[in-house]
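The values are calculated or read from the model by the stated rules, or taken from the named source; none is laboratory data. Predicted, not measured: the structure shown is a model, and the values here were computed from it. All Cβ positions, glycine included, derive from the backbone under ideal geometry; neighbour counts span all protein chains shown.
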Number of protein chains: 2
Amino acid sequence: MKTDEDFMELALEEARKALALEEVPIGAVVVCNGEIVGSGHNLKETENDPTAHAEIVAIRDAARKLSSWRLNECQLYVTIEPCPMCAGAIMQARLQRVVYGAVDPKAGVAGSLYNLLQDNRFNHTVELKSGVLAAECRQIIKDFFSELRQTRGRVGESG
Amino acid sequence: MKTDEDFMELALEEARKALALEEVPIGAVVVCNGEIVGSGHNLKETENDPTAHAEIVAIRDAARKLSSWRLNECQLYVTIEPCPMCAGAIMQARLQRVVYGAVDPKAGVAGSLYNLLQDNRFNHTVELKSGVLAAECRQIIKDFFSELRQTRGRVGESG
């Protein structure tokens with residue numbers, strides 16, 4: 001039986017794939033009945049697609065594989081707290097549960113700026129767990145921006 | 001010089017394409033320097049993609065055409081107030097301005113449940129105008145659900 005930490009380790013693997021493409025290293029996997037049914041990493045720059053965050057890529061991958069937009073028995077593991085777009089996609093896909101690693105105090109809406117996933121005015125709410133492998137999930141991002149600042153001069157951290 | 005109403009009429013044309021596919025009839029266009037650079041309609045059921053809302057389809061279309069995820073000189077016209085996913089995508093794409101038709105009191109976050117697009121804690125805020133051809137934008141949805149209830153029995157309005 002795999003644990004939340006095991007699945008987050010796979011999301012971190014995805015984040016490392018983004019890193020190899022010089023993308024902000026965020027990764028996600030979708031799990032259904034203990035099996036990975038979707039995976040994704042940030043591809044925004046690579047694909048010139050503003051919607052290509054890790055969560056969106058993973059959710060679309062899972063929906064394609066399961067031939068259904070309803071992922072109501074699935075769980076999403078993502079290395080960083082979701083932004084509004086990704087939190088919204090999580091609700092649209094009716095995901096049962098979301099587990100994330102590190103908080104995003106600047107743009108996170110699963111506890112930081114808002115908690116959209118648990119606002120019961122929407123037609124779907126989501127179980128939430130945070131802080132799983134948070135240190136590793138945060139560190140890979142910190143290292144990325146630290147490296148970027150050294151090689152390209154001072155930059156903002158906008159994902 | 002085209003007006004907001006002219007562009008909303010084109011978004012309504014997109015909504016009619018969704019209707020023809022028996023999708024919830026919502027449409028959107030992206031405009032840059034007075035030209036349409038992206039268009040989309042709801043394709044959620046057709047493509048089994050929970051992210052295939054009109055706004056997302058139109059934004060991805062525009063980013064592909066302009067070969068850039070930054071749509072910061074563009075405006076989005078959409079028939080219904082954006083949900084969290086679409087509002088988030090609008091911010092991710094750095095759109096300058098959003099014009100929508102009818103409000104969505106159940107899931108709209110551009111004034112109804114929240115106003116995410118103008119929360120300056122995020123790294124981008126968006127000019128907003130609502131109520132353009134609101135009656136037409138609302139009516140096409142009302143007719144769709146009314147027809148659906150007649151043909152398939154009682155259904156919810158969850159988009």
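Quick notes on this one:
- Residue list for the range A:119-136, restricted to those being of a type in the set (K, R), more than 10 Å from chain B (Cβ to nearest Cβ) and assigned to a loop (DSSP other than H, G, I, E, B): none
- Of all the listed residues (A:V109, A:V126), the sole one being among the β-branched types (V, I, T), farther than 20 Å from A:I26 by Cα, crowded, with 16+ Cβ neighbours inside 10 Å and within 16 Å of the chain's Cα centre (by Cα) is A:V126.
- Some residue of the range B:51-64 being in a loop (DSSP other than H, G, I, E, B), crowded, with 24+ Cβ neighbours inside 10 Å, among the β-branched types (V, I, T) and within 14 Å of chain A (Cβ to nearest Cβ): yes
- The range B:84-103 - residue that is surrounded by fewer than 24 Cβ atoms within 10 Å (Cβ to Cβ) and within 11 Å of another protein chain (Cβ to nearest Cβ) and, of those, farthest from A:H124 (Cα to Cα): B:R94
- Screening A:L116 on (1) surrounded by fewer than 21 Cβ atoms within 10 Å (Cβ to Cβ); (2) in contact with a Phe, Trp or Tyr (Cβ under 8 Å, 6 or more places away or on another chain); (3) within 14 Å of another protein chain (Cβ to nearest Cβ) shows it passes everything except condition (1).
- All told, A:V78 falls short of being among the hydrophobic types (A, V, I, L, M, F, W, C), touching a residue at least 60 places away in the same chain (Cβ under 8 Å), closer than 20 Å to A:E136 by Cβ and part of a loop (DSSP other than H, G, I, E, B).
- Screening the candidates B:E45, B:E22, B:E9, B:E13 for the property of being modelled with pLDDT of 95 or more, at positive phi and either surrounded by fewer than 19 Cβ atoms within 10 Å (Cβ to Cβ) or assigned to a loop (DSSP other than H, G, I, E, B) (or both) yields one hit, B:E22.
- Each residue in the range B:26-38 was checked for being more than 14 Å from chain A (Cβ to nearest Cβ) and within 10 Å of the chain's Cα centre (by Cα), and 2 pass.
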